[in-house]
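Step one of this worksheet: look at the structure below.
Each value in this text was obtained by applying a stated rule to the coordinates, not by laboratory testing. Just so we're clear, the structure is a prediction, and the values are computed from it rather than from any experiment. Because the Cβ atoms are built from the backbone with ideal geometry, glycine has one as well, and the counts that use them run over all protein chains shown.
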Amino acid sequence: MIHQLAVKMATWLSKEVNQEERAAVMAYGLELLLGALVKLVCFVTIPLLLGIFPQVAAAIVASVVFRLAAGGAHCTAYYRCLTGSLVTFTGLGYLARWLSLNGIPGEGMAVAAALFAFFVAILYAPADTAAKPISRDGQRRALKAASLLVPVVYLILVQFVFAGEDLLIASALGLAFQSFTVTPAGYRFMDALDRLLLRVHQFLIQDKGGVDHAV
């Protein structure tokens, strides 16, 4: 749906500015923009409605920062990525709140998550995918250094930046989960999740009358 909307918008825009030869480039950029906008709306509105926005936000920030450096596995299609991420971080948000209410020490979890991330970075980072391979040695070395630095900076922030126990636990869970996706086991898990979501999608389409009738 987003792809089709982006193509239609790009076709109209390219005609308006008399640059029809750039329609494909415009469509690509618009698709990225629309996809990011949909993700932002989903990751803001749904956690807000569920009352766990701060916890989900803390988990996402910790996860994204480590992912930018270390890489990791992910679903192979936009909607499966969105669905998998939304379910995962919503679950982490609920889990963080539950753990904090049951007296689990946030600082201890943060230290454990940082150590896990550090050793994962030593062994496996940066971890690329077939869609986005890391081909240059210089880039690989830079990402390796950054992925080792992230858990160190995280521990420093834990010591000097005040945060509630639930937010601290949420950030630790987000960092730990993202670290897991960098490992071989994490790649296998994400591949299984990707295939499961694909089957669910195919089942839902068939339930509506088959692929030929799906729009």
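Under 13 Å from the Cβ of Asp194, count the other residues' Cβ atoms, weight Lys and Arg +1, Asp and Glu -1, and hand me the total.
That sum, taken over residues with Cβ under 13 Å, equals +3.
Pick out which of Asp137, Asp128, Asp166 has the largest mean-square fluctuation in a Gaussian network model of the chain, springs linking Cα atoms closer than 10 Å.
The residue with the greatest mean-square fluctuation here is Asp137.
Could you size up the charge dipole of the chain around its Cα centre, putting +1 on the beta carbon of Lys and Arg and -1 on that of Asp and Glu, and report it in debye to the nearest 20?
For this selection, approximately 300 debye.
Could you please report the charge total around Leu148, scoring K, R as +1 and D, E as -1 over all other residues with beta-carbon less than 14 angstrom from its beta-carbon?
Here the count lands on +3.
Let me have the relative contact order for the chain, percent, based on Cα pairs under 8 Å that are six or more residues apart.
Computed value for the chain: 28 percent relative contact order.
Distance between Cα centroids, region 81-153 to region 178-200: provide it in whole Å.
15
Restricting attention to region 97-200, which chymotrypsin sites (Phe, Trp or Tyr not before Pro) occupy a DSSP loop and are surrounded by at most 10 other Cβ atoms within 10 Å? Mind showing how you got there, number by number?
Values: sites: Trp98, Phe116, Phe118, Phe119, Tyr124, Tyr154, Phe160, Phe162, Phe177, Phe180, Tyr187, Phe189; in loops: Phe162.
Sparse-neighbourhood loop chymotrypsin sites (Phe, Trp or Tyr not before Pro): Phe162.
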